[in-house]
1. Using the structure shown, select from 71/115; 126/301; 18/126; 21/126; 50/115 the pairs with a Cα to Cα distance greater than 22 angstrom.
2. Using alpha carbons only, how many angstrom separate the centre of segment 1-50 from the centre of segment 249-281?
3. What is the distance in Å between the Cα centroid of segment 283-316 and that of segment 164-217?
4. Please turn the phi angles of segment 319-333 into ³J(HN,Hα) values with the Karplus equation 6.51 cos²θ - 1.76 cosθ + 1.60 (θ = phi - 60°), one per residue in order, whole Hz, x for glycine and proline.
5. Once you treat every alpha carbon in the chain as an equal point and sum by Debye, what is log10 I(q)/I(0) at q = 0.12 Å⁻¹?
6. Evaluate the relative contact order of the chain (contact order divided by residue number), counting alpha-carbon pairs under 8 angstrom at least 6 apart; express in whole percent.
7. Which residues does a label at residue 246 reach in segment 223-237, if reach means a backbone N under 13 Å from a point 7 Å past the Cα toward the Cβ?
8. Residues with amide H under 5 Å of residue 319's amide H, sequence separation 5 or more or different chain, H placed in the peptide plane at 1.01 Å from N; which?
Amino acid sequence: MDRVLRVLVVDDSAYVRKVFKEMLSHSAGVEVIGTASDGHEALSAVARLKPDVVTCDLIMPRSDGVDFIQKQMAIHPIPIIVVSISAESSEQVLNALDAGAVDFVQKPTALATEKIFEIAEDLVAKVRAAADASVARLRPAAAGRPASAGAAPATSRNRYDLVVIGVSTGGPQGLRTLIPRLAADFPVPVAIVLHMPIGYTEAYAKRLDDASALTVVEAKEGDLVRPGVVFVAPAGRHLTFGRDATGAVRIRLDISPLDTAHRPSVDVLFQSAAEVYGDRVLGVVMTGMGDDGRQGAAWIKARGGAILTEAEESCVVYGMPRAVVEAGLSDASVPLERLSDAIVERV
């Protein structure tokens, strides 16, 4: 009755293929059914072996990872986990996610050393999550329709003063649909925690900024929190809020608390928002595995704020929103395509 996850490993390094096969096969219920050394071989292997999940390197000869993902998604969408060497390949990682990859894992080194075993736990967890991903949602990311100005002018009667968003697996694609749909005159600031390895959030924020009417930036210590700006928490540091001597709210970045499963943490962002803004916070929990955001949603609700969750039908992985819904903390579950409208209506 237990499902065995069938995995195809794609990497031009024979050593990495061997190590990935070993670490994945040692996990209960996971079987590596084949390997490929480049994107061209991978296309044939997928057609022949029909794996549940593919792990894919980016930099390969003849046909690289992005090329493979683009071609595979056009033929038949399948959950693909990208494996990246370092932040130097951040643009390629983002291209791969835009092409439809479900998630990615960062290699600790490009060398054939035992350091590669350090990613075993992360790789296995993301392979398992990818196997449960909605194949229907695995399509190339496209920016959402441009928002029309004037949809939500700033007035003293705005119900909320801040929108906070938490998202993980499938998040880069989801945000590319959501944020561009908010008009340039959206009346309150937005802060986002997106689970990404260090070195990728700045490049992602720039790419999202290019597609949006709002200004999207990687948050910096001391940034003034103001309407018209979307702040993306930098990987490796929690994003919180604090008031300065004038009463203005500014961004604070810290590695503490250290006991969270993720840094940045959605729970930490949401709790701080509730503490600083009280009942004037709208929280949004989108696609992702795990339950980061559940405790934070409870903080927002306890202070009188509201929570929207992405509906299961549009999530790549219905984990984080499910945790919030099952805890009775969601005010409404909304499909991704209607989420921007729901946010504007409530603000």
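Derivation of every value follows stated rules applied to the coordinates shown; laboratory data play no part. Nothing here was measured: the structure is a model prediction, and the numbers come from that model. Glycine also receives a Cβ, built like all others from the backbone with ideal geometry; neighbour counts cover every protein chain displayed.
1. Going by Cα-Cα distance, 71/115; 126/301; 50/115 fall outside the 22 Å limit.
2. 38 Å
3. 16 Å
4. Once rounded to whole Hz, the list reads x, 4, x, 4, 4, 6, 4, 5, 7, x, 9, 8, 7, 6, 9.
5. -0.82
6. Rounded, it is 13 percent for the chain.
7. In segment 223-237, the label zone of residue 246 (backbone N under 13 Å from the point 7 Å along Cα→Cβ) covers 223-226.
8. Under 5 Å from the amide H of residue 319: 288.
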